Each structure stands twice: as structure tokens, then as C-alpha cells.
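Everything on this sheet refers to the single structure shown next.
The values are calculated or read from the model by the stated rules, or taken from the named source; none is laboratory data. Everything quoted here is computed from the prediction, not taken from an experiment. Here the Cβ positions follow ideal geometry from the backbone for every residue, glycine too, while neighbour counts run over all protein chains shown. With ligands, DNA and RNA removed, areas are computed over all heavy atoms of the protein, side chains included. Shrake-Rupley method; radii C 1.70, N 1.55, O 1.52, S 1.80 Å.
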Number of protein chains: 2
Amino acid sequence: MNDTHRPDLTSWVESANAPDADFPVQNLPYGVFRRRESDELPRVGVAIGDRILDVEAALEEGVLGIDTPARTAAEACGAPWLNGLMALGPEYAGALRARLSELLRAGAPEHAADPSIAERLLVAQREAELFVPAEIGDYTDFYASVHHATNVGSMFRPDNPLLPNYKHVPIGYHGRASSIVVSGTPVRRPVGQLKGAGDEAPTFAPTRMLDYECEVGFYVGEGNAHGEPVPIADAERHLFGVGLVNDWSARDVQAWEYQPLGPFLAKNFATTVSPWVVTMEALAPFRAPAAPRPAGDPPPLPYLWSDADQARGGIALTLDVLIASRRMREEGVAPARVSRASFTTMYWTPAQLLAHHASGGCNLRPGDLLASGTVSGPERDARGCLLELTWRGTEPLTLPTGETRKFLEDGDEVTLRGFCERAGARRIGLGECKGEVSAAR
Amino acid sequence: MNDTHRPDLTSWVESANAPDADFPVQNLPYGVFRRRESDELPRVGVAIGDRILDVEAALEEGVLGIDTPARTAAEACGAPWLNGLMALGPEYAGALRARLSELLRAGAPEHAADPSIAERLLVAQREAELFVPAEIGDYTDFYASVHHATNVGSMFRPDNPLLPNYKHVPIGYHGRASSIVVSGTPVRRPVGQLKGAGDEAPTFAPTRMLDYECEVGFYVGEGNAHGEPVPIADAERHLFGVGLVNDWSARDVQAWEYQPLGPFLAKNFATTVSPWVVTMEALAPFRAPAAPRPAGDPPPLPYLWSDADQARGGIALTLDVLIASRRMREEGVAPARVSRASFTTMYWTPAQLLAHHASGGCNLRPGDLLASGTVSGPERDARGCLLELTWRGTEPLTLPTGETRKFLEDGDEVTLRGFCERAGARRIGLGECKGEVSAAR
């Protein structure tokens with residue numbers, strides 16, 4: 001933790017000082033934006049309140065110094081993705097964040113001397129178009145919530161919900177990078193092969209069991225060379241930051257196709273990510289011990305174990321899922337929160353996921369996305385997908401309009417939100433990850 | 001088929017005229033190369049005999065015309081990958097191939113007028129370094145050989161080898177793009193979690209069941225927009241060409257980790273591809289009917305069925321696997337062919353794989369790689385991986401030196417070869433896909 005986390009800091013960008021602001025001066029997440037309806041090239045920005053600090057403009061303004069790590073970091077932001085900055089390692093992104101923290105604080109000399117600097121550096125978020133923040137070379141999806149794995153397993157194998165490998169292996173699989181879209185992009189209901197238990201043959205039809213999955217995504221910073229694993233003790237420094245991930249899923253397609261090689265079309269039609277990447281540094285005040293392993297669970301193999309990681313492998317990050325049906329939106333009814341889970345309940349830490357991923361020599365590249373898998377807690381209202389919340393449709397959800405949901409219907413808008421709160425620290429948020437279901441083709 | 005396939009054509013590049021040459025003037029596959037130990041940027045070339053035609057040099061020489069599709073195609077080759085050319089669609093790559101076919105034929109006026117053009121256009125393959133030919137955004141691995149699926153299934157479920165979905169769904173999963181390497185790159189034996197049936201807990205150790213998988217890879221040409229499927233009737237035109245793929249696999253890691261989400265670390269430590277991409281156009285004389293479905297098999301759903309595809313969905317492509325142990329190489333013993341299979345035995349056609357992949361709206365991008373899965377035929381010596389050939393190690397293979405193999409040992413070099421032969425057509429080859437196993441870290 002450093003000076004950038006001081007809870008008493010405020011910003012001359014007034015909107016950043018609201019108590020529920022996701023992007024106070026203590027956060028400063030990175031993203032990629034351009035002005036809406038402009039022909040600007042997408043470029044890197046930093047969220048502050050309801051504004052975006054344009055990093056290129058800060059370079060041009062000359063406020064990043066000469067020959068400083070902050071300047072080097074800003075120059076790596078030239079491309080329309082964060083990959084260049086991610087590749088530099090945490091010191092550079094941290095130096096830029098520290099400098100921007102000084103610049104955006106209430107009383108910053110640059111702003112005091114010339115308040116019009118605000119117009120040259122800042123763009124209103126409502127005027128901006130946001131993009132997938134990194135060129136994601138490979139997307140991996142894990143299964144790190146034991147509550148999620150147990151719930152899903154219970155529906156298929158009531159007597160033996162968790163497979164024998166679960167508590168030894170951070171289970172994961174490769175997802176599809178091409179169909180990752182940014183928050184706000186409509187998600188078309190996919191068609192696919194469906195076969196009910198009583199059906200003689202499959203049909204090809206729009207999914208009837210469209211679901212969301214509320215996940216946390218970790219973007220890789222510095223990569224590792226092909227063939228060279230990342231020791232668990234070094235794994236955290238290869239994590240650049242986090243965003244929200246909605247791993248949309250067609251449950252009926254999944255049930256029919258997934259054996260023996262895992263989910264494929266059930267997942268690859270779309271994955272939505274939030275636009276802002278909150279750095280691991282900004283999360284520092286909210287790190288917590290990893291969830292203790294229940295008594296009797298096997299100890300992880302040494303390549304997955306580090307005392308330091310166990311001491312701070314958790315993140316006090318709360319995840320909310322909200323649903324607004326089309327009728328709710330038409331009637332002006334606020335989105336209904338259907339679940340709230342904490343990332344502290346995860347069975348595997350982010351460092352364990354990354355160390356496992358690289359343990360056989362697989363190379364991770366800057367900008368790769370490692371998603372946690374659905375984050376579900378032990379309580380009923382902490383279940384991070386409808387499959388669990390409605391117990392495969394057997395316990396439908398009731399929305400404020402009286403509408404019920406087993407799975408998503410066309411026009412439903414799903415919003416994921418994430419935020420960190422802790423006594424003695426300034427609340428920070430991950431922003432939103434939103435998508436509306438549009439009708440099948 | 002067009003003029004470029006005429007079996008009587010010969011080239012003024014003499015080595016292209018050898019009867020067993022993989023790269024006669026009827027082939028002209030695309031790849032990416034540079035001169036070894038030079039500081040040249042990798043660039044696009046076309047294989048001809050034991051030479052590479054430098055496409056940039058052909059542009060500079062002015063032999064591609066002005067404002068022609070061939071010239072446009074050559075200009076799209078500017079980047080160090082084939083993606084630009086792939087994105088243009090088959091007409092452009094075909095126009096360039098047709099022009100190069102004229103230029104490289106025996107008696108070509110340009111060569112007759114000035115034989116020194118050879119020195120300006122050609123680089124010897126032995127002097128060239130070759131690269132992964134495309135920037136592969138996403139790599140998908142299918143499971144399209146029913147013989148492979150049946151063999152593998154038999155070892156795990158003797159009474160019910162094929163799962164119920166196999167004959168309805170072209171089963172596939174997402175692979176890892178970052179660890180795809182070009183032929184010739186050593187492959188380090190991975191470490192991973194292993195757990196034998198009798199072991200109480202897993203250990204973390206070098207795999208004891210390292211295997212190859214002999215596959216055919218299809219590179220995507222023109223992509224499809226996110227949300228827009230590709231009708232089966234159009235699917236072939238989205239295929240740019242083919243190469244060889246060795247999907248190295250750690251069978252013990254796979255057995256322990258793969259449930260419920262599929263193979264992960266068992267596969268993502270390395271995948272080797274051959275450097276030359278043989279275009280679908282060059283394969284035209286070798287197209288064959290798709291393998292007939294055995295009586296009683298369910299008909300594919302309409303989105304996977306086209307009479308035209310059934311009529312030419314097969315490829316008369318023979319695939320050989322050769323192994324040379326370190327001792328064999330030291331003693332000057334030639335690599336031993338351990339299997340030979342034909343791609344005509346596949347259960348699903350390339351067009352079916354692509355149409356299925358895009359059927360839920362997943363977008364395929366130029367340069368994406370769709371691999372077939374292990375190509376195994378019905379005969380014992382047509383099994384395309386050691387898991388099948390040695391029946392999980394129970395029937396070891398004997399090499400010419402008397403050495404035996406259940407799985408690969410350090411120092412073993414595996415070479416995949418592919419070629420097309422048919423009466424009335426000039427034989428063409430895919431070249432080689434080679435890798436030597438190095439010791440675990």
C-alpha cells in the first residue's frame with residue numbers, strides 16, 4: 001500500500017468524491033475509449049469520477065515529467081489496447097498511477113495554477129465509447145468457486161457433486177477470445193443443438209436455457225516465456241488487474257455437447273467484459289486471507305502453495321447481479337438485484353490460477369484474460385448464475401413486476417457490478433458489465 | 001480445377017519436378033520466412049521445389065501486373081503473417097497463385113528472357129527460417145475421426161465407446177493459441193499433476209505418457225461477423241488452406257484433469273504446426289466424397305448437411321507419422337513410419353466443422369486454426385497417436401533399433417507428413433511437421 005490509497009484523498013474532479021463513486025482518486029483504473037461519433041482512434045484513459053483522463057493528452061500537456069517511468073508507461077499506451085502498458089510490469093503502471101494520483105488530487109498544483117487543464121485532460125464518460133480494454137490473445141475460464149462447482153455438480157450427480165480432482169486441480173478450460181465484447185453490446189440468443197432427456201434426437205433451435213455467469217477476470221501483465229513456469233511466489237506480479245466478466249451460457253446446448261471435451265458452442269457465442277481494469281495495486285487495501293480450506297481437504301501440491309499467497313490471496317470484492325426485464329425498463333422499475341457474492345469465498349486464489357496455468361510451460365501473454373468462473377457463495381442469494389439460483393429452473397425467480405424467470409428471456413438486461421469496501425479504506429468499484437439479450441436470429 | 005492443376009506442367013525450378021516433390025508448380029503453398037541469421041523481417045513466400053518464391057521480391061520485380069487481383073493479394077502479404085491475404089477471400093489468393101503458376105512454369109517468358117530472375121525471386125529453403133504462418137487468434141481442436149473417438153472411448157468405456165452426442169455434434173473444444181510453435185521447435189516434456197488409479201493423491205511430476213496427435217489444420221480465410229452463422233453451403237469458401245498439426249498431449253495429466261471441463265494443461269504446453277499452408281484450390285484435384293455414414297447412423301441436422309459438401313467433403317490426403325529415437329539418429333537409422341491414415345475416413349467434413357463452429361454466432365477470424373483432431377483410420381496401423389497405437393501402453397511399439405515405446409521418450413523426434421496422390425493429378429504434399437522431445441525442466 002502506498003500514498004495513492006490514503007482514504008482522505010479527494011479529487012478536484014468533484015464526481016470522484018461521491019461516497020458511492022466507483023472511480024475515486026484511490027482507484028484510477030485503465031481502459032480504452034474514444035469520443036462517441038468521432039473518428040478518433042481508440043486510446044488509453046483512466047477513469048476518475050464520471051470523467052476519463054486522456055493519457056495521450058496528459059503526455060502532450062507535459063505533466064508526466066521527462067524520462068520518468070510514468071512517462072514510459074504513458075508512451076506504452078500508444079496502441080488502442082492496454083497490452084503495451086501491461087507488458088511493462090507493475091512498476092510502470094504503478095508509476096503512472098502514482099503520478100496521475102498526484103495530478104488529480106484536490107489541490108494539485110497543476111490544477112490550482114490553471115483550472116482549464118481539466119478541459120484539456122478530461123472527457124466525460126457519457127460522451128465516450130468504451131472498448132474491450134486489451135487485445136486478448138487467449139481467454140481462459142476457471143471454475144474456482146467450490147460453491148458453484150458443488151451446486152452445479154449436485155444437479156447432475158446428487159450423491160457425488162464434486163469430482164475427485166476438484167480440490168487438487170484448479171480446473172479450467174480455454175474459452176473463445178474472438179467473441180469477447182465490451183459492456184453494453186447486445187447479446188443475441190444463440191441457436192444450437194438441444195436434446196431433452198426424453199427426446200429421441202436433438203433439434204436445432206434457439207436456446208431455452210440462456211444464462212449469465214458472474215465472474216471476475218484477471219488480465220495478465222508481464223508474460224512468461226514458453227516452457228518457463230511461473231512460481232507461485234511470483235504469480236501475483238504477473239497479474240495486471242481485474243474486471244468483470246459475464247460468461248453467457250446456453251445450458252441446454254452445454255448439457256448435450258460438453259462430453260467429453262468440455263463446453264464449446266454453449267459459451268463461445270459471446271462473453272462480455274467491463275471496460276475498466278482496476279489494477280492489483282488499487283486493490284491492495286482490500287486484500288484478505290485466502291478462504292481457509294475446510295478441515296479434511298487435501299493440502300495443495302507445493303507448486304500451488306505459498307504462505308504469502310494464503311495470507312493475501314483473497315480480495316474483499318463484492319459482486320452483485322441485477323436483472324431488468326424489458327417490462328421493468330418500460331415501467332421505470334429499477335433493476336432487481338438477484339444475487340450478491342463475495343470473492344473471498346473462492347477455493348483457489350488468483351495466484352494459484354496463474355501458477356497452475358503456467359505450470360506445464362504454457363506461455364501467458366500480456367492482455368490474456370483468466371476468468372475466475374462463476375463466483376457463488378454458500379448462501380442461496382449468493383449464487384452467481386440462474387442455473388444455481390433457480391436450481392435448473394425448478395425454483396423460478398420473481399421480478400418486481402411479478403414476472404418470473406427460470407432462465408433469461410429476450411429483452412432482459414443483466415448487469416454485473418463489483419466493489420470493494422473495508423473499514424479504513426476508500427471504497428472503490430469495478431464499474432458495470434452489462435448486456436441485453438436480443439432475440440435469436 | 002483450373003489450368004494451375006494440369007499434371008503435365010513442370011517448372012524451371014528443377015527440384016519442383018522430382019516425382020516425390022511436395023511442392024511442384026501445381027501446389028504453391030503459402031508460408032512466412034526470412035533468411036536465417038539475417039535481420040530481415042519475416043515475410044510471405046511460396047514454396048516451389050526446394051526454393052521459396054519471395055512475394056515481396058516478385059512485387060518489386062514488377063511481374064504481378066498493375067492493378068490486378070494478384071498484385072492486390074501480394075500487397076496484402078506485407079505483414080509478417082498470412083492473415084491479410086487470408087482475409088481477402090479465395091479469389092485473391094487464387095489470382096496470385098495463378099500468376100505465380102505462370103511465372104514459375106517451364107518456358108515462362110520472364111525466365112526465358114532473363115534466367116537471372118531466379119536469383120532475385122528465390123531463396124533456398126535450407127537457407128530460410130520458417131514461422132508459424134498466421135497470427136492465430138483462436139485455435140479450435142475437433143474430434144472428427146470416429147475411429148479415433150471410438151478407440152479412445154473403448155479404453156475408458158469398453159461397453160459404450162462412443163458417447164450419444166458424437167454422431168450428431170461435431171465435437172470440439174478451444175485450444176491454446178499462445179503455445180503454437182512451428183515445425184522444428186523442440187517440445188519440452190511438461191510437468192503436471194498425475195494420479196494413477198491406485199494413488200491416494202496426485203503428484204506433480206514430468207508426464208510419463210507424452211503423446212503426439214497427427215491432425216490436419218484448416219486455416220480460416222474470410223471471417224464471419226459476430227452473431228452471423230456461416231451456412232454449410234458457404235463454409236468451404238471460408239477455408240483458406242491446410243497444414244499439419246501435432247497436438248502434443250500428456251495423457252496422464254489429461255486423465256486426471258479433464259473432467260468436467262475438458263483438456264487443459266494436458267494440451268496447452270505446445271502444439272506444432274507445419275510452415276506451409278496448402279490452399280483449398282491446390283487441393284481441388286484431390287477432393288473426394290465424404291465418408292458415407294454407416295447404415296443406421298442418424299442423419300445430420302440440416303445446418304450440417306449439403307449435398308455438394310457430401311459430394312466433395314473428403315480429401316484424398318494421406319498422413320504419415322514417423323518416429324526417430326535419439327539412438328536411431330545417432331546410428332543413422334532412418335525414421336520409422338509408425339502409422340499411415342487417410343483423411344477420407346473422417347466422420348465430419350471440414351465444411352461441417354466450420355459451419356458448426358459458427359452456428360451459434362461465434363465469429364471466426366482470418367488466420368484462426370481449426371484442427372481436425374487425431375486422424376485415425378479403421379486399421380491398426382492407421383492410428384494417429386500412441387495412445388491408440390500402443391493401446392494405452394499395453395501393446396508397445398518396437399523401433400528398428402529394438403527399442404520399444406509405450407509413449408514418447410526424451411530425444412524422440414516425431415515427424416508428420418501429408419501428401420495427396422490421385423490418378424491423373426500431379427502429387428502434392430503438405431511438407432513436414434516435426435518436433436523433438438526435450439527433457440522436462
I'm trying to understand the selection: among the residues of region B:340-384, which are more than 15 Å from the chain's Cα centre (by Cα), under 13 Å from B:His147 (Cα atoms) and in a loop (DSSP other than H, G, I, E, B)?
B:Tyr347, B:Trp348, B:Gly377, B:Pro378, B:Glu379, B:Arg383
Pairs with Cβ under 8 Å, 6+ apart, first in region A:114-128 and closer than 8 Å to A:Arg51 by Cβ and in contact (Cβ under 8 Å) with a residue 12 or more places away in the chain, second open to solvent by 40 Å² or more (accessible area, probe 1.4 Å) and in a loop (DSSP other than H, G, I, E, B):
A:Ala124/A:Asp50; A:Gln125/A:Asp50
Looking only at region A:274-315, filter to residues that are in contact with a strand residue (DSSP E or B) (Cβ under 8 Å, 6 or more places away or on another chain) and within 14 Å of chain B (Cβ to nearest Cβ); which one of those is most open to solvent (accessible area, probe 1.4 Å)?
A:Pro302
Do the conditions hold for A:Thr150, that is, is it under 17 Å from A:Trp348 (Cα atoms), in a strand (DSSP E or B) and either in contact with a His (Cβ under 9 Å, 6 or more places away or on another chain) or at pLDDT 95 or above (or both)?
no
What is the number of the single condition among (1) more than 8 Å from chain B (Cβ to nearest Cβ); (2) out of contact with any strand residue (DSSP E or B) (no Cβ under 8 Å at 6 or more places or on another chain) that A:Gly217 does not meet?
(2)
Looking at (1) touching a residue at least 24 places away in the same chain (Cβ under 8 Å); (2) among the acidic types (Asp, Glu); (3) within 13 Å of chain B (Cβ to nearest Cβ), find the lone condition where A:Glu200 falls short.
(1)
For region A:112-147, how many residues meet the condition of being assigned to a loop (DSSP other than H, G, I, E, B) and either open to solvent by 10 Å² or more (accessible area, probe 1.4 Å) or not small (Gly, Ala, Ser) (or both)?
11
Which residues, counting only those in region A:385-408, are assigned to a loop (DSSP other than H, G, I, E, B), open to solvent by 40 Å² or more (accessible area, probe 1.4 Å) and either farther than 22 Å from A:Ala149 by Cβ or of a type in the set (Gly, Ala, Ser) (or both)?
A:Pro396, A:Pro400, A:Gly402
Exactly one of A:Gly65, A:Gly89, A:Gly137 is within 27 Å of the chain's Cα centre (by Cα) and at positive phi, and that residue is A:Gly89
Open to solvent by 20 Å² or more (accessible area, probe 1.4 Å), small (Gly, Ala, Ser) and either touching a residue at least 60 places away in the same chain (Cβ under 8 Å) or at positive phi (or both), is that true of B:Ala266?
no
Please enumerate the residues belonging to region B:194-218 that are surrounded by 19 or more Cβ atoms within 10 Å (Cβ to Cβ), of a type in the set (Val, Ile, Thr) and part of a strand (DSSP E or B).
B:Val216
When residues of region A:1-20 are limited to those that are of a type in the set (Gly, Ala, Ser) and open to solvent by 10 Å² or more (accessible area, probe 1.4 Å), the one farthest from A:Leu96 (Cα to Cα)
A:Ala18
If B:Val253 passes every condition in (1) touching a Lys or Arg at 6+ places or on another chain (Cβ under 8 Å); (2) within 12 Å of chain A (Cβ to nearest Cβ); (3) crowded, with 24+ Cβ neighbours inside 10 Å but one, which one does it miss?
(1)
Residues in region B:145-167: is at least one facing another protein chain (nearest Cβ under 8 Å), touching an Asp or Glu at 6+ places or on another chain (Cβ under 6 Å), of a type in the set (D, E, K, R) and over 20 Å from B:Arg251 (Cα atoms)?
no
Within region A:338-372, track down each residue that is of a type in the set (A, V, I, L, M, F, W, C), farther than 16 Å from A:Gly137 by Cβ and within 14 Å of chain B (Cβ to nearest Cβ).
A:Trp348, A:Leu353, A:Ala355
In region B:95-105, which residues are open to solvent by 10 Å² or more (accessible area, probe 1.4 Å) and under 17 Å from B:Cys77 (Cα atoms)?
B:Ala95, B:Ala98, B:Arg99
Does B:Gly221 fit the bill of being under 22 Å from A:Ser179 (Cβ atoms), touching a Phe, Trp or Tyr at 6+ places or on another chain (Cβ under 7 Å), surrounded by 24 or more Cβ atoms within 10 Å (Cβ to Cβ) and not aromatic (Phe, Trp, Tyr)?
yes
Residue that is farthest from the other protein chains (Cβ to nearest Cβ) [pool: residues in region B:179-193 that are out of contact with any Pro (no Cβ under 7 Å at 6 or more places or on another chain) and open to solvent by 10 Å² or more (accessible area, probe 1.4 Å)]
B:Gly184
What number goes with the only condition from (1) within 13 Å of another protein chain (Cβ to nearest Cβ); (2) modelled with pLDDT of 95 or more; (3) outside any strand (DSSP E or B); (4) open to solvent by 10 Å² or more (accessible area, probe 1.4 Å) that B:Arg176 does not pass?
(4)
Which members of region A:303-339 meet the condition of being out of contact with any Phe, Trp or Tyr (no Cβ under 6 Å at 6 or more places or on another chain), over 21 Å from A:Glu403 (Cβ atoms) and not in a loop (DSSP other than H, G, I, E, B)?
A:Leu304, A:Asp307, A:Ala308, A:Asp309, A:Gln310, A:Ala311, A:Arg312, A:Gly314, A:Leu319
Being open to solvent by 50 Å² or more (accessible area, probe 1.4 Å) and within 30 Å of B:Ser178 (Cβ to Cβ) is the filter here; which residues of region B:148-160 pass it?
B:Phe156
Looking only at region A:274-289, and only at residues there that are small (Gly, Ala, Ser) and in a helix (DSSP H, G or I), the one that is nearest to A:Glu135 (Cα to Cα):
A:Ala282
